[in-house]
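Enquirer: Sharing a structure here in structure tokens format.
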């Protein structure tokens with residue numbers, strides 16, 4: 001199963017970091033990352049201002065090897081030092097569902113808890129979610145935390161959009177839908193937090 005690693009960091013010089021991003025993403029790809037992006041958390045309490053560098057890998061072993069090789073790379077070390085990158089932590093989540101793409105310039109990261117749903121219930125839940133928000137979003141990914149200092153087993157939904165106003169309006173209709181609420185109740189699903197972010201690379 002595909003997994004996503006999230007590197008939480010402070011970046012002292014964003015311009016320098018972005019100037020080196022093409023080389024950074026190319027190195028990550030050479031070490032097995034199938035997709036790489038960087039977002040900055042804008043609204044999330046004490047987490048605001050931090051960056052998250054997300055990389056997708058084919059499986060856990062690929063993520064473990066790729067992350068280790070990238071950190072040991074002298075070019076990576078030089079680029080991180082030049083941009084004043086301070087690594088704060090790393091998490092790993094399983095990629096449960098994905099639709100659309102990550103082209104939106106903003107995003108919402110919705111966190112929650114709940115039972116692992118049946119295949120049919122999960123398909124219904126994700127399908128209805130996209131049906132309600134697709135006109136206000138470019139894409140959406142559903143993940144479940146596998147490794148981290150907390151929240152193991154929790155789920156998260158990252159939705160990319162060019163307008164958070166439009167996305168929040170669409171989201172309100174989704175969470176007012178009786179069938180979706182019934183399915184959330186059936187799976188003991190509850191929202192525990194939300195972050196707004198902007199995509200920088």
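Readers should treat all values here as calculations from the given coordinates under stated rules, not as data from a laboratory. What you see is a predicted model; the values in this text were computed from it and never measured. Don't worry about glycine lacking a Cβ; one is built from the backbone with ideal geometry, like all the others, and counts go over all protein chains shown.
Enquirer: Per DSSP H run of n ≥ 4, the term is -39500 (n - 2.57); total these for the chain, divide by its residue number, and report the mean residue ellipticity at 222 nm rounded to 500 deg cm²/dmol. Could the numbers behind the result be given before it?
Expert: On the way: 7 runs with 73 residues, N = 201.
Dividing the helical sum by the residues of the chain leaves -11000 deg cm²/dmol.
Enquirer: What ranking of 7, 181 emerges when the number of other C-beta atoms within 10 Å of each C-beta is taken as an exposure proxy, fewest first?
Expert: Numbers: 7 19, 181 13.
Starting with the residue having the fewest Cβ neighbours, the order is 181, 7.
Enquirer: Given 20 °C and 1.002 mPa s, how large is the Stokes-Einstein diffusion coefficient of segment 111-187 in µm²/s, with Rh as the Kirkwood radius over Cα pairs?
Expert: On the way: Rh = 13.3 Å.
The Stokes-Einstein estimate is 161 µm²/s.
Enquirer: Over what distance in Å are the Cα centres of segment 43-75 and segment 144-193 separated?
Expert: 23
Enquirer: Starting from the Cα of residue 82, step 7 Å along the direction of its Cβ; do the same at residue 152; then give the gap between the two resulting points in nm.
Expert: Output for this residue pair reads 3.9 nm.
Enquirer: While we're on this one: Can you sort 28, 183 from fewest to most other Cβ atoms within 10 Å of each residue's own Cβ?
Expert: Final ranking by Cβ density, sparse to dense: 183, 28.
Enquirer: Taking the Cα-to-Cβ direction at residue 14 and at residue 59 and moving 7 Å from each Cα, how far apart do the two end points lie in nm?
Expert: With each label placed 7 Å out from Cα toward Cβ, I get 3.8 nm.
Enquirer: Let me ask you something else. Return the tail of the calculated pair distribution for segment 3-93, meaning the percent of Cα-Cα pairs more than 17 Å apart.
Expert: 46
Enquirer: Can you tell me the 0 to 90 degree angle between the C-alpha axis of helix 164-174 and the longest principal axis of the chain, rounded to 10?
Expert: Its long axis makes an angle of about 40 degrees.
Enquirer: Run the numbers on the chain and let me know its relative contact order in percent, using alpha-carbon pairs under 8 Å that are six or more apart.
Expert: About 28 percent, as a whole number.
Enquirer: Would you mind calculating the relative contact order of segment 95-199 from Cα pairs under 8 angstrom and at least 6 residues apart, reporting the percent as a whole number?
Expert: 45
Enquirer: Taking 7 Å along the Cα-to-C-beta vector as the label spot, tell me the residue 199-residue 40 distance in nanometres, rounded to one decimal.
Expert: 1.7
Enquirer: Report, in degrees rounded to the nearest 10, the 0 to 90 angle that the Cα long axis of helix 21-30 makes with the longest principal axis of the chain.
Expert: 80
Enquirer: Taking 0.36 nm per intervening residue step and subtracting the Cα-Cα distance, what contour gain separates residue 135 from residue 71 on full extension?
Expert: Between residue 135 and residue 71, full extension yields 19.1 nm more.
Enquirer: Compute and list, largest first, the equivalent-ellipsoid semi-axes of the chain from the alpha carbon gyration tensor, each √(5λ) rounded to a whole angstrom.
Expert: 30, 18, 14
Enquirer: Please grab the % of Cα pairs in segment 78-127 that end up more than 13 Å from each other. Write out the running numbers ahead of the final one.
Expert: Values: 967 of 1225 pairs.
Above the 13 Å cut-off, segment 78-127 has 79 percent of its Cα pairs.
Enquirer: If you don't mind, another one. What list do you get for 191, 111 if you sort them by fewest beta carbons within 10 Å?
Expert: Placing the least packed residue first, the sequence is 191, 111.
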